[in-house]
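Below: the structure, in structure tokens.
The values are calculated or read from the model by the stated rules, or taken from the named source; none is laboratory data. The structure displayed is predicted, hence computed values, not measured ones. Positions of Cβ are generated from backbone atoms using ideal geometry, with glycine treated the same way; all protein chains shown enter the neighbour counts. With ligands, DNA and RNA removed, areas are computed over all heavy atoms of the protein, side chains included. Shrake-Rupley method; radii C 1.70, N 1.55, O 1.52, S 1.80 Å.
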Amino acid sequence: MTDKVKTAQTNSSDNKKIKNRIAVGSGKGGVGKSTTSVNLAVYYAEKNIKTLLIDVDPLSNIKTILDIEGTKDGDKQPIKIFENLFLLTPFQNTGETAPDTVYNNFKDNSYFSEEDKFNIIIFDLPAGYDEKENIAFLDFADMLLVVTNPEPAAHVASGSYIKKVFESRKNLPIFIWHNRYEKNNRSSFKEDDVFFNYNKNVPHEEKFDPSMAEKFLNVAKIPKDKSLDLLGTDSTFGAIALRNIFTLLELLYEETTLPISKKCAPGEKLATLINNFINSNIEIKDADSAVLNLFEYIGIFLSKLSKKNDQGINVYNLLSDKERNNIKECFEKIKNDKLLGKLRKAITVVGDSLQYLENSSRQFYVDLSPDKFNSVAREVSAVLTDIEKSNHTGEQKHIASVILFYFALFFLIKKKEYHSAMVKFLSTRKDKNGKLIRDRNLQIKMIIEKNKEYRTKYLGLVKHMHAPLMEELKNISTKLSLRKIIFTSDKNGKEEVIGSAYAKLLGNYLHDSLNSGLSIIVGFPYRTASINFQKSAGLILGLLNN
């Protein structure tokens with residue numbers, strides 16, 4: 001446990017000494033603000049920090065996110081949601097409570113007091129910068145997190161919000177929280193620079209003075225990850241398995257193209273840029289056109305580093321004829337490589353089927369049509385067979401081994417017995433019409449409170465599926481004559497399959513699948529977005545009192 005978390009646990013809410021109040025806001029049209037507030041609160045609660053989440057957004061969906069829409073209380077005093085997590089919803093009865101009234105209640109400590117000893121208090125503010133509904137409540141905050149997304153309109157809205165806050169709250173620490181963060185080196189848009197993008201897109205008279213750049217400090221860059229499903233919808237079990245296959249195929253493609261890029265590029269850094277371009281443009285129909293597009297791509301990348309408003313630097317004239325020809329040969333090799341051709345086809349076919357599953361309105365399990373299923377099976381099999389027969393690197397074989405696992409799993413969960421077992425694991429309740437629906441609130445509660453019964457049930461499901469998974473793996477390996485890409489170890493001179501490695505992979509898959517759609521991020525300890533979120537949440541604790 002970090003020192004910052006320990007400090008937050010032990011310090012009471014003596015607000016004259018300890019800063020513990022975080023306001024979370026966004027510009028107009030902000031996406032993911034309330035989800036960020038909820039996940040911060042859930043993260044701190046899970047770390048045994050007594051946390052109060054205050055919903056001062058009349059249009060907020062926090063109760064929906066926590067799956068407690070039917071709860072009537074919470075508008076007069078905090079209610080306990082989970083262990084260490086409390087919720088206050090003063091605007092619960094939309095239109096009946098004026099912002100002035102709520103503001104004065106906070107000022108008078110009418111809702112709670114220091115005796116409640118909340119270690120962290122999070123205000124979820126409404127989007128936009130209305131003085132009474134938003135800006136006024138910053139009087140009670142020690143820090144403001146501005147939630148934004150990598151889009152020009154979102155960055156302009158965030159800049160406008162910060163400008164409004166700065167007019168009346170000059171000393172309030174402000175930090176930028178980037179959701180759905182994703183680099184796009186083909187665009188001149190600077191994904192992590194709200195200050196630059198705001199000044200670039202507003203009239204001269206509205207621009208910030210350069211000295212204001214220090215008010216735009218980034219505290220989080222949370223990458224896109226559909227597996228986390230933070231908008232509360234449920235990914236199908238098959239889609240999660242297929243998404244892992246798709247991601248691994250892309251990784252295998254990148255691993256295979258990198259040695260080719262290194263051979264033709266004039267320098268290590270340019271080799272990395274070339275390889276990044278190749279992996280974002282896998283269809284190479286014409287080498288000459290690809291080279292021109294590459295130079296444009298690198299030019300835009302360099303211009304982003306230069307902090308100038310130009311549309312790209314001309315790289316073509318910086319290279320010699322020999323260097324340009326080497327790069328062209330690189331594209332020719334990639335276009336004609338046998339394995340890369342199979343990978344391109346597999347990525348396209350798997351991506352098409354994945355899109356179908358992710359667009360389905362059905363929950364938990366959806367069957368692919370026989371044609372789509374067979375196409376996935378055929379193209380993935382072709383890649384695995386090629387890796388098995390070829391003299392590829394250890395890293396390529398390792399990636400192929402994990403693809404084989406998800407491939408076997410994809411076949412297994414197609415069987416009703418196993419996708420039904422996964423559905424039965426989920427907590428359920430009856431809605432107001434008597435229909436049985438998923439009880440997301442109960443499942444979140446059991447994860448946060450580390451419920452032993454839930455853990456035992458989960459391990460039982462892993463055990464139930466492990467043996468048939470190993471049988472599926474054996475059948476596919478026998479059919480495709482696969483031996484090198486199976487996880488094995490030498491035991492007393494005999495090669496044996498490492499069952500524990502597949503059990504761990506199965507456990508990780510079930511963890512992701514069963515927690516999909518809960519709108520929380522702490523249930524995914526191994527994913528990049530979750531790791532980044534938790535690091536940023538810990539950083540905020542330190543920044544509060546730094």
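Structure data summary
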| quantity | calculated |
| --- | --- |
| Kirkwood-based Rg to Rh ratio, the range 65-163, C-alpha trace | 0.98 |
| Interchain or long-range residues, amide H under 5 Å from SER519's placed H | GLY232 |
| The range 492-500 - phi-based ³J(HN,Hα) in whole Hz, Karplus 6.51/-1.76/1.60, Gly and Pro as x | 6, x, 10, 7, 10, 5, 7, x, 5 |
| Over the chain: helical MRE at 222 nm, DSSP H runs n ≥ 4 each giving -39500 (n - 2.57), nearest 500 | -17000 deg cm²/dmol |
| Nearest 10 degrees, 0 to 90: helix 237-264 Cα axis against the chain principal axis | 60 degrees |
| Kirkwood hydrodynamic radius of the range 349-416, from inverse mean 1/r over distinct Cα pairs, in Å | 13.3 Å |
| Per DSSP, loop chymotrypsin sites (Phe, Trp or Tyr not before Pro) in the range 451-546 with at most 10 further Cβ within 10 Å | TYR526 |
| Degrees, to the nearest 10: 287-306 long Cα axis against longest axis of the chain | 30 degrees |
| Sum of side-chain charges, GLU388 neighbourhood, beta-carbon under 9 Å (Lys, Arg +1; Asp, Glu -1) | +3 |
| Sequence of ASP73, ASP512 from largest to smallest accessible area, 1.4 Å probe | ASP73, ASP512 |
| Overall Cα dimensions of the range 461-546, principal axis frame, Å, largest first | 59, 30, 22 |
| The chain: relative contact order as a whole-number percent, Cα under 8 Å and 6+ apart | 18 percent |
| Option label - Cα extents along the principal axes in Å computed here, alternatives (i) 69, 57, 45; (ii) 74, 62, 45; (iii) 67, 61, 46 | (ii) |
| Cleavage-rule hits, GluC sites (Glu not before Pro), the range 79-162, DSSP coil, Cβ neighbours within 10 Å at most 11 | GLU96, GLU131 |
| Subset of LYS28/LYS107; LYS50/LYS424; LYS63/LYS445; LYS33/LYS445 violating a 24 Å alpha-carbon distance limit | LYS28/LYS107; LYS50/LYS424 |
| Sequence of GLU206, GLU323, GLU472 from largest to smallest accessible area, 1.4 Å probe | GLU206, GLU323, GLU472 |
| Solvent-accessible area per residue, Å², over the chain with all protein chains present [probe radius 1.4 Å] | 48 Å² |
| Cα-based helix-to-principal-axis angle, 528-544 vs the chain, degrees rounded to 10 | 30 degrees |
| Rounded percent of accessible protein surface that carbon and sulfur make up, the chain, 1.4 Å probe | 49 percent |
| Distance between modelled label sites at HIS464 and ASN281, nm, 7 Å Cα→Cβ extension | 5.0 nm |
| Formal net charge of residues neighbouring GLU379 (Cβ-Cβ distance under 13 Å; K, R +1; D, E -1) | +2 |
| Value in Å of the Kirkwood radius, where the range 109-151 supplies the Cα pairs that are averaged | 12.5 Å |
| Share antiparallel - DSSP beta bridges, the chain, percent rounded to 5 | 25 percent |
| Candidate aspartates and glutamates - alpha carbon under 18 Å from LYS397, same-chain residues fewer than 8 apart omitted | GLU250, GLU254, GLU255, ASP337, GLU379, ASP386, GLU388, ASP490, GLU495, GLU496 |
| Probe 1.4 Å, all protein chains present, accessible-area order of HIS419, HIS464, HIS178, largest first | HIS464, HIS419, HIS178 |
| Residues SER427 and LYS494, FRET efficiency given R0 of 56 Å [Cβ-Cβ distance, rounded to 0.05] | 0.80 |
